[in-house]
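Down below is the structure, laid out as C-alpha coordinates.
The values are calculated or read from the model by the stated rules, or taken from the named source; none is laboratory data. Keep in mind that what you see is a predicted model, and the values were worked out from it rather than measured. With ideal geometry, Cβ positions are generated from the backbone for all residues, glycine too; neighbour counts draw on all protein chains shown. Quick note on the areas: whole protein, heavy atoms, side chains included, nothing else; ligands and nucleic acids left out. Shrake-Rupley method; radii C 1.70, N 1.55, O 1.52, S 1.80 Å.
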Amino acid sequence: MTAVTSRPRSVTALSRDEARRLALRAQGLLGADGRRAGVRGLLRRLGSVQLDTISVLARSHELIPYSRLGALDRTEIEAAYWSGDRSFEYWSHAACILPVEEWPLFAFRRRAYRARPHWHHELSPAAYDAVLTQLRERGPLTASQLGGAKNGGEWWDWSASKIAVERALMYGEVVCTRRSGWKRVYDLAERAIPAPLLADEPEDAECVRRLVAQAGAAMGVATRADLADHHRLKTAQVDAVLADSGLVPVVVEGWSKPAWADPAALAAPPRGRHRTTLLSPFDSLIWDRPRTERIFGFTHRLEAYVPRPQRIHGYFAMPLLSGGRLVGRVDPAREGTTLVARQVSMDGPKAARPMARALFEAASWVGCDTVRVERCDDTALATALRRELIHLGG
(Lines give C-alpha, C1' and ligand atoms only; values in the text may rest on other atoms or scores of the structure.)
Protein backbone atom coordinates (compact mmCIF):
# COMPACT_ATOMS: atom_id res chain seq x y z
CA MET A 1 0.00 0.00 0.00
CA THR A 2 1.36 3.38 -0.97
CA ALA A 3 1.39 5.97 1.77
CA VAL A 4 -0.70 9.05 1.07
CA THR A 5 1.14 12.28 1.69
CA SER A 6 -0.44 15.70 1.68
CA ARG A 7 0.88 18.21 -0.80
CA PRO A 8 2.63 21.24 0.60
CA ARG A 9 0.40 24.26 0.65
CA SER A 10 1.11 26.55 -2.29
CA VAL A 11 2.15 30.06 -1.38
CA THR A 12 1.17 33.04 -3.50
CA ALA A 13 4.02 35.26 -4.63
CA LEU A 14 3.34 39.00 -4.84
CA SER A 15 5.39 41.72 -6.45
CA ARG A 16 6.08 44.93 -4.56
CA ASP A 17 3.49 46.74 -6.68
CA GLU A 18 0.86 44.07 -6.07
CA ALA A 19 1.39 44.28 -2.32
CA ARG A 20 1.20 48.07 -2.44
CA ARG A 21 -2.07 48.01 -4.39
CA LEU A 22 -3.57 45.44 -2.02
CA ALA A 23 -2.74 47.73 0.90
CA LEU A 24 -4.23 50.78 -0.81
CA ARG A 25 -7.47 49.04 -1.70
CA ALA A 26 -7.82 47.53 1.76
CA GLN A 27 -7.51 51.04 3.18
CA GLY A 28 -10.16 52.49 0.83
CA LEU A 29 -7.69 54.52 -1.25
CA LEU A 30 -7.92 52.58 -4.51
CA GLY A 31 -11.14 51.87 -6.37
CA ALA A 32 -14.69 52.90 -5.62
CA ASP A 33 -15.78 50.14 -3.26
CA GLY A 34 -14.09 51.83 -0.31
CA ARG A 35 -16.21 54.95 -0.78
CA ARG A 36 -19.69 53.54 -1.31
CA ALA A 37 -20.69 53.06 2.31
CA GLY A 38 -19.66 56.50 3.59
CA VAL A 39 -17.99 57.25 6.92
CA ARG A 40 -19.77 54.47 8.79
CA GLY A 41 -18.75 51.88 6.23
CA LEU A 42 -15.22 53.23 6.20
CA LEU A 43 -14.94 52.82 9.97
CA ARG A 44 -16.07 49.20 9.69
CA ARG A 45 -13.60 48.62 6.87
CA LEU A 46 -10.62 50.12 8.69
CA GLY A 47 -11.61 48.67 12.06
CA SER A 48 -10.15 51.59 13.97
CA VAL A 49 -9.56 55.31 13.47
CA GLN A 50 -6.92 56.89 15.67
CA LEU A 51 -7.72 59.96 17.76
CA ASP A 52 -5.21 62.71 18.48
CA THR A 53 -5.32 66.15 20.06
CA ILE A 54 -3.41 67.93 17.26
CA SER A 55 -5.60 69.98 14.94
CA VAL A 56 -3.94 71.72 11.99
CA LEU A 57 -6.27 71.38 9.02
CA ALA A 58 -8.63 69.34 11.20
CA ARG A 59 -8.30 66.61 13.78
CA SER A 60 -6.89 63.33 12.53
CA HIS A 61 -10.14 61.35 12.84
CA GLU A 62 -11.73 63.90 10.48
CA LEU A 63 -8.82 63.70 8.05
CA ILE A 64 -9.22 59.93 7.64
CA PRO A 65 -12.64 60.06 5.88
CA TYR A 66 -11.64 63.28 4.10
CA SER A 67 -8.66 61.56 2.50
CA ARG A 68 -10.86 58.74 1.19
CA LEU A 69 -14.29 60.28 0.65
CA GLY A 70 -13.45 63.88 -0.22
CA ALA A 71 -14.64 67.15 1.23
CA LEU A 72 -17.42 65.95 3.53
CA ASP A 73 -19.00 68.37 5.97
CA ARG A 74 -17.10 68.00 9.24
CA THR A 75 -20.26 67.94 11.35
CA GLU A 76 -21.53 65.09 9.18
CA ILE A 77 -18.30 63.20 9.85
CA GLU A 78 -18.76 63.54 13.61
CA ALA A 79 -22.40 62.51 13.38
CA ALA A 80 -21.53 59.48 11.28
CA TYR A 81 -19.00 58.34 13.86
CA TRP A 82 -20.99 58.90 17.02
CA SER A 83 -24.75 59.01 16.32
CA GLY A 84 -26.70 56.28 18.09
CA ASP A 85 -24.80 53.19 19.15
CA ARG A 86 -22.46 53.05 16.15
CA SER A 87 -19.06 53.26 17.82
CA PHE A 88 -17.09 53.56 21.01
CA GLU A 89 -13.64 54.77 22.01
CA TYR A 90 -11.08 52.38 23.41
CA TRP A 91 -7.37 51.53 23.35
CA SER A 92 -6.51 49.73 20.12
CA HIS A 93 -3.55 50.97 18.07
CA ALA A 94 -3.79 53.95 20.41
CA ALA A 95 -6.91 55.80 21.57
CA CYS A 96 -9.22 54.95 18.67
CA ILE A 97 -12.80 55.18 17.48
CA LEU A 98 -13.95 51.59 16.97
CA PRO A 99 -17.12 50.26 15.32
CA VAL A 100 -19.49 49.04 17.99
CA GLU A 101 -19.41 45.56 16.45
CA GLU A 102 -15.86 45.24 17.77
CA TRP A 103 -16.91 45.59 21.43
CA PRO A 104 -16.69 41.81 22.04
CA LEU A 105 -13.22 41.63 20.46
CA PHE A 106 -11.70 43.73 23.24
CA ALA A 107 -13.07 41.58 26.05
CA PHE A 108 -9.57 40.12 26.50
CA ARG A 109 -8.12 43.59 27.08
CA ARG A 110 -10.85 44.58 29.51
CA ARG A 111 -10.25 41.37 31.46
CA ALA A 112 -6.50 42.04 31.49
CA TYR A 113 -7.01 45.51 32.93
CA ARG A 114 -9.28 44.16 35.64
CA ALA A 115 -6.79 41.41 36.51
CA ARG A 116 -3.63 43.52 36.34
CA PRO A 117 -4.55 47.19 36.60
CA HIS A 118 -1.71 49.54 35.67
CA TRP A 119 -2.53 52.58 37.74
CA HIS A 120 -0.41 55.10 39.57
CA HIS A 121 -3.35 56.56 41.48
CA GLU A 122 -4.96 55.48 44.71
CA LEU A 123 -8.74 55.19 44.57
CA SER A 124 -11.29 54.21 47.17
CA PRO A 125 -14.13 51.83 46.27
CA ALA A 126 -16.57 54.53 47.36
CA ALA A 127 -15.20 57.02 44.80
CA TYR A 128 -15.49 54.41 42.06
CA ASP A 129 -19.07 53.55 42.99
CA ALA A 130 -20.00 57.25 43.20
CA VAL A 131 -19.07 57.81 39.56
CA LEU A 132 -21.14 54.84 38.40
CA THR A 133 -24.06 56.08 40.47
CA GLN A 134 -23.87 59.54 38.91
CA LEU A 135 -23.84 58.10 35.39
CA ARG A 136 -26.74 55.82 36.21
CA GLU A 137 -28.84 58.64 37.63
CA ARG A 138 -27.83 61.59 35.42
CA GLY A 139 -27.00 60.01 32.06
CA PRO A 140 -23.88 60.63 29.91
CA LEU A 141 -21.39 63.06 31.52
CA THR A 142 -17.90 64.45 31.02
CA ALA A 143 -15.21 64.19 33.71
CA SER A 144 -15.82 67.84 34.57
CA GLN A 145 -19.52 67.16 35.09
CA LEU A 146 -18.66 64.17 37.26
CA GLY A 147 -16.77 66.37 39.70
CA GLY A 148 -13.79 67.81 37.86
CA ALA A 149 -10.97 66.21 35.90
CA LYS A 150 -8.01 67.64 37.86
CA ASN A 151 -6.96 68.47 41.38
CA GLY A 152 -5.29 71.69 40.25
CA GLY A 153 -1.73 70.47 39.82
CA GLU A 154 0.07 69.14 36.75
CA TRP A 155 -1.86 67.51 33.90
CA TRP A 156 -1.53 64.03 35.44
CA ASP A 157 -2.86 65.23 38.82
CA TRP A 158 -6.30 63.73 38.20
CA SER A 159 -9.24 64.10 40.55
CA ALA A 160 -10.75 61.02 42.17
CA SER A 161 -13.72 61.16 39.82
CA LYS A 162 -11.45 61.29 36.75
CA ILE A 163 -9.39 58.35 38.02
CA ALA A 164 -12.58 56.42 38.73
CA VAL A 165 -14.24 57.00 35.37
CA GLU A 166 -11.07 56.22 33.42
CA ARG A 167 -10.66 53.01 35.40
CA ALA A 168 -14.28 52.09 34.71
CA LEU A 169 -13.64 52.82 31.02
CA MET A 170 -10.72 50.40 30.92
CA TYR A 171 -12.72 47.75 32.79
CA GLY A 172 -15.63 48.06 30.36
CA GLU A 173 -18.25 49.23 32.86
CA VAL A 174 -18.20 52.67 31.26
CA VAL A 175 -17.96 53.64 27.59
CA CYS A 176 -16.83 56.82 25.88
CA THR A 177 -19.73 57.41 23.50
CA ARG A 178 -18.44 60.62 21.90
CA ARG A 179 -16.24 63.65 22.41
CA SER A 180 -17.57 67.12 23.23
CA GLY A 181 -15.06 69.94 22.87
CA TRP A 182 -12.46 67.15 22.89
CA LYS A 183 -13.68 65.97 26.31
CA ARG A 184 -14.77 62.37 26.61
CA VAL A 185 -18.46 61.86 27.25
CA TYR A 186 -18.94 58.77 29.41
CA ASP A 187 -21.96 56.51 29.75
CA LEU A 188 -22.67 53.13 31.30
CA ALA A 189 -21.82 50.26 28.97
CA GLU A 190 -25.15 48.62 29.79
CA ARG A 191 -26.89 51.65 28.27
CA ALA A 192 -24.52 52.47 25.39
CA ILE A 193 -23.67 49.04 23.95
CA PRO A 194 -26.40 46.92 22.31
CA ALA A 195 -27.35 44.06 24.61
CA PRO A 196 -26.29 41.20 22.27
CA LEU A 197 -22.81 42.70 21.91
CA LEU A 198 -22.54 43.48 25.63
CA ALA A 199 -23.34 39.86 26.46
CA ASP A 200 -20.80 38.49 23.96
CA GLU A 201 -17.63 37.68 25.91
CA PRO A 202 -15.31 35.57 23.73
CA GLU A 203 -12.34 33.79 25.24
CA ASP A 204 -9.00 35.60 24.96
CA ALA A 205 -7.74 33.47 22.08
CA GLU A 206 -10.93 34.06 20.10
CA CYS A 207 -10.70 37.82 20.65
CA VAL A 208 -7.14 37.87 19.37
CA ARG A 209 -7.95 35.58 16.43
CA ARG A 210 -10.73 37.88 15.26
CA LEU A 211 -8.60 40.99 15.75
CA VAL A 212 -5.78 39.47 13.70
CA ALA A 213 -8.24 38.57 10.94
CA GLN A 214 -9.67 42.08 11.02
CA ALA A 215 -6.20 43.62 10.89
CA GLY A 216 -5.27 41.43 7.92
CA ALA A 217 -8.38 42.51 6.04
CA ALA A 218 -7.73 46.18 6.86
CA MET A 219 -4.14 45.96 5.58
CA GLY A 220 -4.57 43.56 2.67
CA VAL A 221 -1.14 42.03 3.19
CA ALA A 222 1.00 42.15 6.32
CA THR A 223 3.87 40.65 8.28
CA ARG A 224 3.31 39.27 11.77
CA ALA A 225 4.81 42.50 13.16
CA ASP A 226 2.32 44.51 11.09
CA LEU A 227 -0.55 42.39 12.38
CA ALA A 228 0.60 42.83 15.97
CA ASP A 229 1.05 46.59 15.68
CA HIS A 230 -2.40 47.22 14.21
CA HIS A 231 -4.20 46.63 17.51
CA ARG A 232 -1.05 46.65 19.67
CA LEU A 233 -1.00 42.93 20.29
CA LYS A 234 2.04 40.91 21.30
CA THR A 235 3.70 38.94 18.52
CA ALA A 236 3.31 35.79 20.62
CA GLN A 237 -0.45 36.40 20.67
CA VAL A 238 -0.47 36.75 16.89
CA ASP A 239 1.61 33.60 16.42
CA ALA A 240 -0.82 31.60 18.55
CA VAL A 241 -3.81 32.34 16.29
CA LEU A 242 -2.36 32.94 12.82
CA ALA A 243 -3.08 29.43 11.59
CA ASP A 244 -6.77 29.84 12.49
CA SER A 245 -7.15 33.47 11.40
CA GLY A 246 -8.20 32.73 7.82
CA LEU A 247 -5.25 34.70 6.47
CA VAL A 248 -3.06 32.93 3.93
CA PRO A 249 0.75 32.92 3.70
CA VAL A 250 2.30 34.88 0.84
CA VAL A 251 5.77 35.83 -0.28
CA VAL A 252 6.28 39.49 -1.16
CA GLU A 253 9.14 40.61 -3.37
CA GLY A 254 11.73 42.50 -1.33
CA TRP A 255 10.18 41.69 2.06
CA SER A 256 12.60 39.91 4.34
CA LYS A 257 9.89 38.56 6.65
CA PRO A 258 7.03 36.12 5.94
CA ALA A 259 3.69 37.72 5.17
CA TRP A 260 0.00 36.87 5.25
CA ALA A 261 -2.82 38.19 3.09
CA ASP A 262 -6.57 38.46 3.18
CA PRO A 263 -7.83 35.71 0.81
CA ALA A 264 -10.71 37.92 -0.33
CA ALA A 265 -8.18 40.56 -1.38
CA LEU A 266 -6.16 38.00 -3.34
CA ALA A 267 -9.29 36.72 -5.10
CA ALA A 268 -9.99 40.05 -6.82
CA PRO A 269 -7.00 42.03 -8.16
CA PRO A 270 -7.21 45.73 -7.20
CA ARG A 271 -8.54 48.00 -9.92
CA GLY A 272 -9.86 51.54 -10.18
CA ARG A 273 -8.71 55.07 -9.61
CA HIS A 274 -6.19 56.08 -6.98
CA ARG A 275 -6.95 58.90 -4.58
CA THR A 276 -4.80 62.04 -4.70
CA THR A 277 -4.83 63.45 -1.20
CA LEU A 278 -2.91 64.57 1.86
CA LEU A 279 -2.69 62.02 4.66
CA SER A 280 -2.74 62.53 8.39
CA PRO A 281 0.44 61.23 10.06
CA PHE A 282 -1.94 59.11 12.16
CA ASP A 283 -3.62 57.54 9.12
CA SER A 284 -3.72 53.76 9.40
CA LEU A 285 -2.13 53.50 5.94
CA ILE A 286 1.09 54.99 7.33
CA TRP A 287 0.92 54.92 11.16
CA ASP A 288 3.31 51.95 11.22
CA ARG A 289 6.54 53.63 10.06
CA PRO A 290 8.56 50.46 9.24
CA ARG A 291 5.61 49.17 7.17
CA THR A 292 5.37 52.51 5.36
CA GLU A 293 9.06 52.31 4.42
CA ARG A 294 8.67 48.71 3.27
CA ILE A 295 5.59 49.33 1.10
CA PHE A 296 6.23 52.82 -0.22
CA GLY A 297 9.97 53.34 0.21
CA PHE A 298 9.00 56.47 2.13
CA THR A 299 10.50 57.46 5.48
CA HIS A 300 8.10 59.48 7.58
CA ARG A 301 8.27 60.68 11.17
CA LEU A 302 5.91 62.89 13.13
CA GLU A 303 7.93 65.89 14.26
CA ALA A 304 5.29 67.65 16.37
CA TYR A 305 7.17 66.65 19.53
CA VAL A 306 10.62 67.30 18.11
CA PRO A 307 12.26 70.63 19.12
CA ARG A 308 11.74 73.15 16.32
CA PRO A 309 15.45 73.49 15.39
CA GLN A 310 15.68 69.72 14.89
CA ARG A 311 12.67 69.36 12.59
CA ILE A 312 13.34 68.35 9.01
CA HIS A 313 9.90 68.46 7.40
CA GLY A 314 7.83 70.48 9.90
CA TYR A 315 5.43 70.25 12.83
CA PHE A 316 2.65 68.21 11.20
CA ALA A 317 4.03 67.09 7.84
CA MET A 318 1.31 65.37 5.81
CA PRO A 319 2.43 62.91 3.12
CA LEU A 320 1.03 63.37 -0.38
CA LEU A 321 -0.54 60.26 -1.91
CA SER A 322 -0.81 60.31 -5.69
CA GLY A 323 -0.99 57.51 -8.21
CA GLY A 324 -0.77 55.03 -5.38
CA ARG A 325 2.60 56.32 -4.21
CA LEU A 326 3.84 58.75 -1.57
CA VAL A 327 5.47 61.48 -3.63
CA GLY A 328 5.94 64.38 -1.22
CA ARG A 329 4.86 66.03 1.99
CA VAL A 330 3.71 69.37 3.27
CA ASP A 331 3.52 71.00 6.69
CA PRO A 332 0.27 73.03 6.51
CA ALA A 333 -1.10 75.86 8.63
CA ARG A 334 -4.04 78.24 8.43
CA GLU A 335 -3.82 82.01 8.56
CA GLY A 336 -7.34 83.41 8.28
CA THR A 337 -8.66 82.23 4.92
CA THR A 338 -5.20 81.32 3.62
CA LEU A 339 -3.81 77.81 3.72
CA VAL A 340 -0.06 78.18 4.19
CA ALA A 341 2.25 75.41 2.98
CA ARG A 342 4.94 76.18 5.52
CA GLN A 343 7.33 73.58 4.19
CA VAL A 344 7.03 71.42 1.09
CA SER A 345 9.12 68.63 -0.34
CA MET A 346 8.38 66.64 -3.51
CA ASP A 347 10.00 63.74 -5.30
CA GLY A 348 10.23 65.60 -8.60
CA PRO A 349 8.46 67.89 -11.10
CA LYS A 350 5.65 65.37 -11.71
CA ALA A 351 4.57 65.77 -8.09
CA ALA A 352 3.90 69.52 -8.46
CA ARG A 353 0.47 69.14 -10.05
CA PRO A 354 -0.94 66.59 -7.56
CA MET A 355 0.51 68.62 -4.68
CA ALA A 356 -1.23 71.75 -5.98
CA ARG A 357 -4.50 69.85 -6.40
CA ALA A 358 -4.28 68.37 -2.92
CA LEU A 359 -3.52 71.76 -1.35
CA PHE A 360 -6.44 73.44 -3.13
CA GLU A 361 -8.85 70.68 -2.17
CA ALA A 362 -7.73 70.80 1.46
CA ALA A 363 -7.96 74.60 1.53
CA SER A 364 -11.52 74.55 0.23
CA TRP A 365 -12.51 71.87 2.75
CA VAL A 366 -11.39 73.95 5.74
CA GLY A 367 -12.84 77.23 4.44
CA CYS A 368 -9.73 78.79 2.92
CA ASP A 369 -9.77 80.51 -0.47
CA THR A 370 -6.03 81.05 -0.97
CA VAL A 371 -2.95 78.84 -0.88
CA ARG A 372 0.49 80.27 -0.17
CA VAL A 373 3.76 78.37 -0.36
CA GLU A 374 6.19 79.54 2.28
CA ARG A 375 9.16 77.20 1.82
CA CYS A 376 10.13 74.40 -0.53
CA ASP A 377 13.34 72.44 -0.29
CA ASP A 378 14.02 72.76 -4.03
CA THR A 379 13.88 76.09 -5.87
CA ALA A 380 12.90 74.62 -9.23
CA LEU A 381 10.15 72.50 -7.66
CA ALA A 382 8.89 75.54 -5.74
CA THR A 383 8.55 77.41 -9.03
CA ALA A 384 6.70 74.48 -10.61
CA LEU A 385 4.34 74.22 -7.62
CA ARG A 386 3.53 77.92 -7.62
CA ARG A 387 2.86 77.74 -11.36
CA GLU A 388 0.38 74.91 -10.83
CA LEU A 389 -1.31 76.79 -7.97
CA ILE A 390 -1.72 79.86 -10.19
CA HIS A 391 -3.20 77.68 -12.91
CA LEU A 392 -5.69 76.08 -10.53
CA GLY A 393 -6.60 79.42 -9.00
CA GLY A 394 -7.52 80.80 -12.38
Go ahead and set up a Gaussian network model of the chain, Cα springs under 10 Å, then flag whichever of 361, 78, 203 fluctuates most.
203
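Pairs of Cα atoms under 8 Å, at least six residues apart: use those to get the relative contact order of the chain, whole percent. Present the calculation step by step, with values, prior to reporting the outcome.
Values: 668 pairs, mean separation 66.5, N = 394.
After rounding, I find 17 percent.
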Based on the Cα gyration tensor of the stretch 40-149, what are the three equivalent ellipsoid semi-axes, each the root of five times an eigenvalue, rounded to whole Å and given largest first?
29, 17, 14
Please work out the ratio of the alpha-carbon Rg of the stretch 335-394 to 2.2 N^0.38 Å and round it to two decimals.
1.02
If one computes the Cα centroid of the stretch 204-258 and of the stretch 164-198, what distance in Å separates the two points?
28 Å
Between the residues 312, 349, 332, the Cα farthest towards the positive end of the dipole of the stretch 301-387, that dipole coming from +1 and -1 charges on the beta-carbon of Lys, Arg, Asp and Glu, is from 349
Using only Cα atoms, locate the centre of the stretch 17-57 and the centre of the stretch 274-289, then give the distance between them in Å, rounded to an integer.
9 Å
For the chain, what is the calculated [θ] at 222 nm in deg cm²/dmol (nearest 500), taking -39500 (n - 2.57) for each run of four or more DSSP H residues and dividing by its residue count?
-11500 deg cm²/dmol
Give me the percent of accessible area attributable to carbon and sulfur for the chain, probe 1.4 angstrom.
51 percent
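Write out the chymotrypsin sites (Phe, Trp or Tyr not before Pro) in the stretch 48-149 meeting two conditions: DSSP loop, and at most 13 other Cβ atoms within 10 Å of their Cβ.
On the way: sites: 66, 81, 82, 88, 90, 91, 106, 108, 113, 119, 128; in loops: 119.
Filter output for the stretch 48-149: 119.
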Give me D for the stretch 253-322 in µm² s⁻¹, whole number, from Stokes-Einstein with Rh from the Kirkwood sum over alpha-carbon pairs, 25 °C and 0.890 mPa s.
169 µm²/s
Count of Lys pairs (Cα-Cα under 18 Å; at least 8 positions apart or interchain) in the chain
4
With +1 at each Lys and Arg Cβ and -1 at each Asp and Glu Cβ, the charge dipole magnitude of the stretch 191-232 around its Cα centre, to the nearest 20 debye, comes out at 140 debye
Net dipole in debye of the chain [+1 Lys, Arg Cβ; -1 Asp, Glu Cβ; about Cα centre; nearest 20]
920 debye
So how strong a dipole does the stretch 241-394 carry about its Cα centre when Lys and Arg Cβ are +1 and Asp and Glu Cβ are -1, to the nearest 20 debye?
280 debye
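Quick one: accessible area per residue over the stretch 334-386, 1.4 Å probe, rounded to a whole number of Å²? The partial results should precede the final answer.
Working: 2640 Å² over 53 residues.
Per-residue accessible area for the stretch 334-386 comes out at 50 Å².
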Among 112, 23, 38, pick out the residue whose Cα is farthest towards the positive end of the charge dipole of the chain, where Lys and Arg carry +1 and Asp and Glu carry -1 on C-beta, about the Cα centre.
23
When the C-alpha atoms of the chain are aligned to their principal axes, what extent does each axis show, in angstrom, from largest down?
82, 67, 39
